[in-house]
1. Return one quarter of the surface area of the convex hull spanned by the alpha-carbon atoms of segment 40-109, equal to its mean projected area, in nm².
2. Do any of K109/K314; K109/K258; K101/K347; K109/K135; K135/K261 go past 29 Å between their Cα atoms, and which?
3. Which residues' amide hydrogens lie under 5 Å from the amide hydrogen of E286, considering only partners 5 or more residues apart or on another chain, with H built in the peptide plane?
4. Can you give the accessible area of K379, probe radius 1.4 Å, in Å² rounded to 10?
5. Net charge within 15 Å of V291 by Cβ-Cβ distance, Lys/Arg positive one each and Asp/Glu negative one each, not counting V291 itself?
6. List the residues, sorted by chain then number, that are 5 or more residues from V227 or on another chain and whose placed amide H is less than 5 Å from its amide H.
7. Once amide H atoms are placed 1.01 Å from N in the peptide plane, what residues at a sequence separation of 5 or more from T264, or on another chain, have their amide H within under 5 Å of its amide H?
8. Can you pull out the trypsin sites (Lys or Arg not before Pro) in segment 243-305 whose DSSP state is coil and whose Cβ has at most 14 other Cβ atoms within 10 Å?
Amino acid sequence: MAEIKADTATHHHHLNVSEPDISDHKPSKPKRVASLDIFRGLTVSLMILVDDAGGEWPVIGHAPWNGCNLADFVMPFFLFIVGMAIALSLKRIPDQLLAVKRVILRTFKLLFWGLLLQGGFSHAPDKLTYGVDMKEIRWCGILQRIALAYLVVALIEIFSRGAQTKNMAPSGFSIFKLYYWHWLVAACVLTIYFAVIYGTYVPDWQFTVLDRESIDYGKSFTVACGVRGKLDPPCNAVGYIDREVLGINHMYPRPAWKRSKACTENSPYAGPFRHDAPSWCHAPFEPEGIVSSISAILSTIIGVHFGHVLIQMKGHPARLKHWIPAGCALLVLGIILHFTHAIPSNKQLYTFSYVCITSGAAALVFSASYILVDIWGIKYLFLPLEWIGMNAMLVYVMAAEGIFAGFINGWYYEDPHNTLFELTCGMGRYIGFKSTFLWGFGIRGG
């Protein structure tokens, strides 16, 4: 059982990995990596910010199609952090069967919460109702994608232990050889992804608008495709496979592409469709679909590699000499692929350039957190983020998914619109300020 602990014998406070004394019947609890908790807390906070303010400031919301706005970094940051956590947590569970059981149990927990929170069951905070028609339940979502990536990468981590070369100094490029199974799987994932998105024939398709709030509810549309290898909104293989496997009724009804210039004159703001908007503007699309989730595994593999560096390499300089150049290389590669139009950066398709840009950014942000917190010891400034990071699931469920907001909106006087939130906002307007502090808890008007 490995333990990550602070080495206070030097002025550098190295994080070392050591094996505890097996004669100690009550080993001390492993020390958490504060910089990782703070990075996780920052990501959760960023998610709440873009969810609540993205509509008002589209520049921080999801890009309508190609491109990478602030909100588009949230999901890959989570997957990167999951990868690092896999390396650190499974190191402490040497028993293979026990590790597999814990991984499978955690995967089912993520799937359960994902379906409950994003499947359509909860309508809070805007509607004080719950329940979902199984004909329209959304099967995919943020936690479901994290569950898939976690399951695949964690099982690789567990079953590849015996294949790791013994007595190899994990320095420079040798650490890639030490964990070569992870990179073989990454190569397979990338090959499958490219084969699918560039090799799948996408025929013409039809759909009926099922969004009861849409003025086009009940109308049927036809989208002309008959192409192969396209990465545009209507005719990409990612959407085609989701429609065929999941069913179009089970996909996200309000994709970001509805804010694109082709669909609305208010782009990048949401608004009424143009009179000449193409038919696909009315269609649903699953941004956390099957093929894109397979590609998302790459973000977690890169994250687990950074976790391996933290475990295997001793001393801050050795770790940073690996992390920072790797992060810069990924970022530059992704930017080149995007701006040369070789592979556009696209969150909804989870393209390879998007993986590189966001993983490179995650590497650099984590490195900065590591320097500030674990090297310079400036931890007290980030205590709120650390608490959020240590309670990420609680904050996600309560704030980001509107459970806390639904609870607040559930208390009203005579009319459901006379909620505590509305009363607070009214008082705020009366004294001349907006009660934006409530937005941090994911509260919106009812």
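1. If you wrap the Cα atoms of segment 40-109 in a convex hull and average its projections, you get 6.1 nm².
2. Pairs exceeding 29 Å: K109/K314; K109/K258; K101/K347; K135/K261.
3. Long-range HN contacts for E286: Y252.
4. The value for K379 is about 70 Å².
5. Taking every other residue near V291 into account, the sum is +1.
6. Here V202 satisfy the definition.
7. Placed amide hydrogens put R274 under 5 Å from T264.
8. Answer by residue number: K261.
The values are calculated or read from the model by the stated rules, or taken from the named source; none is laboratory data. From a predicted model like this one, the values you see are computed outputs, not experimental measurements. Here the Cβ is made from the backbone with ideal geometry for all residues, glycine too, and neighbour counts use every protein chain on show. For accessibility, only protein heavy atoms count, side chains too; no ligands or nucleic acids. Shrake-Rupley method; radii C 1.70, N 1.55, O 1.52, S 1.80 Å.
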